[in-house]
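The structure under discussion appears below in the form of structure tokens.
The values are calculated or read from the model by the stated rules, or taken from the named source; none is laboratory data. Given the structure is predicted, the values throughout are model-derived calculations rather than measurements. Neighbour counts are summed over all protein chains in view; Cβ atoms, including those assigned to glycine, are modelled from backbone coordinates with ideal geometry. In case anyone asks, the SASA skips ligands and DNA or RNA and just uses the protein heavy atoms, side chains included. Shrake-Rupley method; radii C 1.70, N 1.55, O 1.52, S 1.80 Å.
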Amino acid sequence: MVVLTKPTIDHFPIVKNSFKSPSFFNDIPVIDLSKPDSKNLIVNACEEFGFFKVINHDVPMEFISKLESEAIKFFSSPLSEKLKAGPADPFGYGNKKIGQNGDIGWVEYILLSTNSEFNYQKFASVLGVNPENIRAAVNDYVSAVKKMSCEILEKLAEGLNIHPTNVFSKLLMDEKSDSVFRVNHYPPCPDIQEFNAKNLIGFGEHTDPQIISVLRSNNTSGLQILLKNGHWISVPSDQNSFFINVGDSLQVMTNGRFKSVKHRVLTNSVKSRLSMIYFGGPPLTEKIGEIRRRFARH
Ligand SMILES: C=C1C[C@]23C[C@@]1(O)CC[C@H]2[C@@]12CC[C@H](O)[C@@](C)(C(=O)O1)[C@H]2[C@@H]3C(=O)O
Ligand SMILES: O=C(O)CCC(=O)C(=O)O
Ligand SMILES: [Fe+2]
């Protein structure tokens with residue numbers, strides 16, 4: 001168990017008690033992917049929130065459970081073992097340090113590139129399994145989530161009356177697409193009340209730079225999004241659904257019609273949160289700009 005000392009916790013950004021408690025928000029748009037009218041609802045959700053929840057998806061539960069259980073095993077390993085799969089530069093195991101700007105959070109994570117050959121050996125040796133098992137578990141999950149992302153992006157193009165409708169999804173399908181996969185683990189922080197704080201920042205506020213982010217978490221909440229009115233709201237967790245974020249690249253391609261949603265994660269004092277996120281991005285060589293009317297059907 002991680003024991004926090006006062007000097008340790010002082011390094012972490014907190015949400016103080018004096019702040020108004022963030023409220024759970026039950027009006028997050030829910031998109032039923034099996035319904036034919038979902039394209040217009042997706043467009044509305046991207047305009048209003050840059051965020052929505054997806055139900056009735058085709059991602060097999062066994063792919064989710066298999067990868068989640070490997071991730072739980074990995075994060076339960078001794079820190080000295082996990083560090084052998086790091087540092088995250090940018091790919092690998094990372095702990096508390098997020099990105100290159102000196103940001104810190106109460107989180108540990110695994111970051112992988114989905115399109116370049118990735119060395120699973122270090123992760124496999126922490127788990128004591130064949131690297132091929134881990135590669136297969138990641139590939140099964142990521143391929144299914146990528147397929148769903150493309151379906152969403154095609155519906156979205158249809159809803160915007162943009163043709164051809166694969167104008168966004170083809171960027172994810174490109175073999176050079178700069179897509180990443182991340183597993184975040186936010187350990188509980190039991191001593192947090194002692195520090196007169198309600199929550200510790202797990203992952204500080206940011207937007208995702210890619211086109212689309214697809215998040216699935218266990219049943220521990222913590223994710224918050226910033227509404228247009230400037231209020232942070234907590235997203236109720238739902239382990240059977242996916243949560244979709246508009247990323248910066250999609251904001252640019254829609255000329256600001258869709259907003260890349262600001263979000264953050266707060267820790268819980270009792271339960272740990274485990275989230276798996278696929279970030280679908282364009283190839284690094286792709287020039288991103290507004291999708292112009294020449295694509296549109298008149
Ligand atoms: C604090 C940061 C981490 C991040 C780079 C950034 O400066 C702002 C965006 C962050 C993010 C969010 C989505 C992905 O998790 C990520 C890999 C990315 O592409 O942008 C992370 C970056 C990171 O952890 O390096
Ligand atoms: O872990 C989460 O729930 C969200 C984290 C996140 O926003 C990110 O990794 O970009
Ligand atoms: Fe994010």
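Pop the C-beta distance of ILE288 and SER65 into the FRET formula with R0 = 35 Å and round what comes out to the nearest 0.05. Numbers along the way, then the final one.
Details: r = 35 Å, r/R0 = 1.01.
For R0 = 35 Å, the calculated efficiency reads 0.50.
How large is the dipole of region 79-149 about the Cα centre if only Lys and Arg carry +1 and Asp and Glu carry -1, each at its Cβ, rounded to the nearest 20 debye? Write out the running numbers ahead of the final one.
Working: 8 positive and 7 negative charges, 12 e Å.
Its charge dipole is roughly 60 debye.
Label 7 Å along Cα→Cβ of ASN115; region 249-293 residues with amide nitrogen under 14 Å?
Only 279-288 pass the distance filter.
Starting from the Cα-Cα distance between VAL129 and ASP89, subtract it from 0.36 nm times their residue separation and give me the gain in nm to one decimal.
Working: separation 40, 0.36 × 40 = 14.40 nm, distance 2.37 nm.
So the extension gain works out to 12.0 nm.
Taking a point 7 angstrom from the Cα of ILE55 along the C-beta vector, which residues in region 237-279 have backbone N less than 20 Å away?
237-245
Taking amide hydrogens as modeled 1.01 Å from N in the peptide plane, which residues meet the under 5 Å criterion relative to GLY50, leaving out close sequence neighbours?
LYS259
Placing +1 on the Cβ of each Lys and Arg and -1 on the Cβ of each Asp and Glu in the chain, which of ILE192, LEU79, ASN139 has its Cα farthest towards the positive end of the resulting dipole?
Among ILE192, LEU79, ASN139, the one farthest towards the positive end of the dipole of the chain is ILE192.
Contact order normalised by length for region 163-298, with contacts defined as Cα pairs under 8 Å and 6 or more residues apart; what percent is it?
Details: 283 pairs, mean separation 54.6, N = 136.
RCO, region 163-298: 40 percent.
Explain nothing, just the number: relative contact order of region 122-233, from Cα pairs under 8 Å at least 6 residues apart, as a whole percent. It would help to have the intermediate numbers written out before the result.
Numbers: 49 pairs, mean separation 15.6, N = 112.
It rounds to 14 percent for region 122-233.
Can you give the log10 of the normalised intensity I(q)/I(0) at q = 0.14 Å⁻¹, computed with Debye over equal Cα scatterers of the chain?
At q = 0.14 Å⁻¹ the computed log10 ratios are -1.08.
Cα-Cα over 22 Å: which of LYS170/LYS287; LYS82/LYS146; LYS97/LYS147; LYS198/LYS271; LYS66/LYS97? Provide the component values of the computation, followed by the final result.
Values: LYS170/LYS287 14 Å; LYS82/LYS146 27 Å; LYS97/LYS147 31 Å; LYS198/LYS271 14 Å; LYS66/LYS97 27 Å.
Over 22 Å Cα-Cα: LYS82/LYS146; LYS97/LYS147; LYS66/LYS97.
Kindly write out, for region 27-36 in residue order, the coupling ³J(HN,Hα) from the Karplus curve 6.51 cos²θ - 1.76 cosθ + 1.60 (θ = phi - 60°), rounded to whole Hz, with x marking Gly and Pro.
9, 5, x, 10, 10, 8, 5, 7, 8, x
Give me a comma-separated list of calculated 3J(HN,Hα) values for region 277-284, in order, Karplus coefficients 6.51, -1.76, 1.60 applied at θ = phi - 60°, integers in Hz, x for any Gly or Pro.
10, 9, 10, x, x, x, x, 5
If you place +1 on the Cβ of every Lys and Arg, -1 on the Cβ of every Asp and Glu, and leave all else neutral, what size is the dipole of the chain about its Cα centre, to the nearest 20 Debye?
On the way: 34 positive and 31 negative charges, 100 e Å.
It works out to roughly 480 debye.
Roughly what would the spin-label model give for VAL30 and GLU151, points 7 Å off Cα along C-beta, in nm?
The two pseudo-label positions are separated by 1.8 nm.
Under 12 Å from the Cβ of ASN133, count the other residues' Cβ atoms, weight Lys and Arg +1, Asp and Glu -1, and hand me the total.
Numbers: positive: LYS66, LYS73, ARG135; negative: GLU70, GLU132, ASP140.
Net charge in that neighbourhood comes out at 0.
Sequence-distant or interchain residues sharing an amide H contact under 5 Å with HIS206, placed H: which?
Result for HIS206 returns HIS263.
Give the long-range amide H neighbours of ASN115: residues separated by 5 or more places, or on another chain, with amide H under 5 Å away, using H modelled in the peptide plane at 1.01 Å from N.
SER179
Over the Cα atoms of region 66-118, each weighted equally, I'd like the Debye log10 I(q)/I(0) at q = 0.22, 0.23, 0.28 Å⁻¹, rounded to two decimals.
For region 66-118, the Cα-only Debye profile gives -0.90, -0.97, -1.20.
Counting DSSP beta bridges in the chain, what percent are antiparallel, to the nearest 5? Intermediate results must be reported in sequence, preceding the final value.
Values: 47 of 52 bridges.
Bridges in the chain that DSSP calls antiparallel: roughly 90 percent.
How far apart, in nanometres, would the label points at GLU205 and GLU158 be if each is projected 7 angstrom from Cα along the Cα-to-Cβ direction?
In this crude label model, GLU205 to GLU158 measures out at 3.6 nm.
Quick check: Cα centre of region 267-288 to Cα centre of region 102-166, how many Å?
So the separation of the two Cα centres works out to 9 Å.
Just name one of SER221, ILE288, ASN119: the one whose Cα is farthest towards the positive end of the charge dipole of the chain (beta-carbon charges, Lys/Arg +1, Asp/Glu -1).
Highest projection toward the positive end goes to ILE288.
With the other protein chains left in place, how much accessible area per residue, in square angstrom, belongs to region 146-298 at a 1.4 angstrom probe? All intermediate terms of the calculation are to be shown ahead of the outcome.
On the way: 6540 Å² over 153 residues.
On a per-residue basis, region 146-298 sits at 43 Å².
Compute the relative contact order of the chain as a whole-number percentage, counting only Cα pairs closer than 8 Å that sit 6 or more residues apart in sequence. Let's see the in-between values first.
Values: 595 pairs, mean separation 71.6, N = 298.
Worked out over the chain, it gives 24 percent.
What size of dipole, in debye to the nearest 20, comes out for region 163-253 about its Cα centre when the only charges are +1 on Lys and Arg C-beta atoms and -1 on Asp and Glu C-beta atoms? Walk me through the intermediate numbers first.
Values: 6 positive and 9 negative charges, 40 e Å.
My answer is approximately 200 debye.
Which of the helices in the chain, when you take each full DSSP H run, stretch at least 20 Å along the axis at their Cα atoms and have an average Kyte-Doolittle score of -1.0 or higher?
On the way: long enough: 61-75 (21 Å, 0.33); 131-159 (41 Å, -0.17).
Those that pass (Cα extent of 20 Å or more, hydropathy at least -1.0) are 61-75, 131-159.
Go through GLN251, GLY230, PRO209 and say which Cα lies farthest out towards the positive end of the charge dipole of region 203-297; charges sit on Cβ, +1 for Lys and Arg, -1 for Asp and Glu.
Working it through, the farthest residue towards the positive pole turns out to be GLN251.
Rounded to the nearest 500, what is the 222 nm mean residue ellipticity of the chain from helices alone, with -39500 (n - 2.57) per DSSP H run of 4+ residues and division by all residues?
Result for the chain: -8000 deg cm²/dmol, rounded to the nearest 500.
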